[in-house]
Every structure is written in structure tokens, then in C-alpha cells.
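In what follows, a structure is listed as C-alpha cells, so that the remarks can point back to it.
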Ligand code: G6P
């Protein structure tokens, strides 16, 4: 066991640190930067993507948050309406045309019962189905029309880390592929996204190199009453994922939401004992988010922010530097939140790789 952890105390920390390498595997041989296109080895019937009306993403837990990130990319890069459903709540829905709908199941294990149930409902409705998974030969791959593998390598820690990053990267490539095929994305714009993806492993490494700063922040705030995570745009799924990670492994109360919602309820819970962690990266409406953070600070809350390199918000109590990688910058910010969750839990001596009551793969509905 110790040898398998490669010198790390926990699989989770090992897997967090594997991200530069797992992301390299995810994108290896798949980016054609010159042509502004990707090679994902997926095929659709002729004309299907051109006529596409909607992409419905179905997933649970962390994979659902990867899906929420991706939905914004599908709309922006592929020019197609994209919705995200919690798999256990999914119904095909009225007013839709099955043969113009693509249902994308995002599932690390490929075995989650809720997600398989959603795929079966989509198939029964006559929609085309697609899986984004880490697991060759998994059940989902046998039930869908096509699959893209995220190639993150085995993940042992119950709390998903490197697979979230590789899911988002794979879905970003899929969004470029769909956008190019539909003629919705110019080659130059595609190229810039592909360059962002190429920069992703190095940017994640830069964040990992800042781990001592995150550990220090975790020590300072570990005993807080609750933790709030906020962001806008691509920062929203990252805020949700940051809160999920912290609650899963530290057992602390953590909530993530769109920063604009703070004033519509959660602000009532804000005190000097409830730190707010914010995604404040370029392109994720950082200034507006910072206005909401300030509202929390006015009530005494400490504020920690993931801020784009070169930007500065002087009033933050802690500022984490995020390298500039465009559309995947919030994904890089997420690595700070993974490290924060890990170190809070570790300071408290929690069983990080096997949190109570949780399973890596949930095969019951
Ligand atoms: C479980 C795991 C989560 C995971 C979710 C979905 O709840 O503990 O980490 O995000 O299942 O799993 P999947 O394999 O479908 O991505």
C-alpha cells in the first residue's frame, strides 16, 4: 500500500499531484493546433452534428460539476444549447426531438447506477447517447453510441480529483470538435482553446508548487464553522466542486453557489467564522464576483481568492495566483481548492481516502 502511494501519505494527494501527467495523457495526440481541430476518434452519423438542437449532459457528483463546466463550453464553442441534469432526476423532457439531441453521460467509473439509468431513459426516448469515462470496458461504454476516454489513469481516492480535471479537458476537446464540425467555431478561435489546453499541465504544476501557501491557509481556517465557495460563469462549477471536495473529506459544512446568490439567502449565514473562497479568474466575471465577496467581508467573513496572475484584489485575506490559461483557468483554480480540502482534512486527521459513508462508485439507484 505504501509503495502504491509512491511516498504520499494518501492516494488523494498523490492523485492531485499526478494531474500534470494525467492531463498530458488526456490530450496526448488529440490536439491538432495548426488545423485548429481535435482528433478524438469519435464519429457521428453524417449531418447529425450540423442539425443538433441540444446536448443534454447527465452525471452525478463531481462528474456533474465537470458537466456544468462543459455545458458552458458547448454553448460558447459549439453554438449548441447545452443542459445538465442530475442523472437520478433525468427525463428526456417534452418539446425535444430525439434524433436532434445528444445525451452525454459523464462518469469516471462508467458504473454509476443513476447515470446508467439516465442513459437507458435517453436510449428509450430515441436520443443518440455518448459517454465520457475513465474506464475501458465499463458498463456505460456498452450502452452508448460512442465513447471518449479521459485517460486519467486509475483513481483510488474516493474524492475525485484528477478525473475531474481530465473530464473537463476531454469535454473541452469534444466541444471544439463539435464546434468545428458544425461550422460554429473559427479555426483561429479553436486554436486559442487548444493552446489553453496545451498550457494546462504546466499551469497545474505551477499551482502544485504553491502547496505550502495552501497548507498554511488550511491551518489558519481549519476550525471555521462553515465554508462558502463562490464564483460566476465557469467559476460556478468550480465553486460547487470545491465545496463538495471539502465536505466529502473534512466533514465540515461547505456550500458552493453562484456568487450572485449570496445576497439571496446564504448571506444570513455569513459571520467572521465562515470563510468565503472565491474563483476570481479572468473570464469568470471576477470583478462582479469580488463585489459579492466584499458583501461577505463587510459581515466579517475572511476571504480567500484564486486570482489570475497579474491581477490583484488588495482586500483579500489570502490570494492564490492562477496562471493565465484562458478557458481552462477556473479548472486550474480548482487545484487550489483540492489542496485546500486535502489540507483541512489532513489537519483534522480524517481518513481522507475513504471518507465515512461514501463509496468510490455507487452502483445502486
Ligand atoms: C460517487 C463518488 C463521487 C463521484 C460520483 C459519480 O458518489 O464518491 O466521487 O463523483 O460517485 O461517479 P462517476 O463514476 O459516475 O463519475
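The values are calculated or read from the model by the stated rules, or taken from the named source; none is laboratory data. Please read these numbers as outputs of a predicted model, since none were measured by experiment. Note that we place each Cβ from the backbone using ideal geometry, even for glycine, and neighbour counts take in every protein chain shown.
Listed values, structure above:
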{"quantity": "Filtered residues of region 110-130 (kept if more than 10 Å from the ligand (Cβ to nearest atom), surrounded by 20 or more Cβ atoms within 10 Å (Cβ to Cβ) and without any contact (Cβ under 8 Å) to a residue 60 or more places away in the chain)", "calculated": "129"}
{"quantity": "Considering residues of region 18-42 that are in contact with a helix residue (DSSP H, G or I) (Cβ under 6 Å, 6 or more places away or on another chain) and in a helix (DSSP H, G or I) only, the residue nearest to residue 189 (Cα to Cα)", "calculated": "27"}
{"quantity": "Output for region 29-77, where each listed residue is surrounded by fewer than 17 Cβ atoms within 10 Å (Cβ to Cβ) and within 16 Å of the ligand (Cβ to nearest atom)", "calculated": "none"}
{"quantity": "Looking only at region 85-109, and only at residues there that are closer than 20 Å to residue 236 by Cα and surrounded by fewer than 24 Cβ atoms within 10 Å (Cβ to Cβ), the one that is nearest to the ligand (Cβ to nearest atom)", "calculated": "86"}
{"quantity": "Residue 314 being over 26 Å from residue 200 (Cα atoms), without any contact (Cβ under 8 Å) to a residue 60 or more places away in the chain and either surrounded by fewer than 15 Cβ atoms within 10 Å (Cβ to Cβ) or more than 14 Å from the ligand (Cβ to nearest atom) (or both)", "calculated": "yes"}
{"quantity": "Hey, residue 315 over 26 Å from residue 161 (Cα atoms), at pLDDT 95 or above and not in a helix (DSSP H, G or I) or not", "calculated": "yes"}
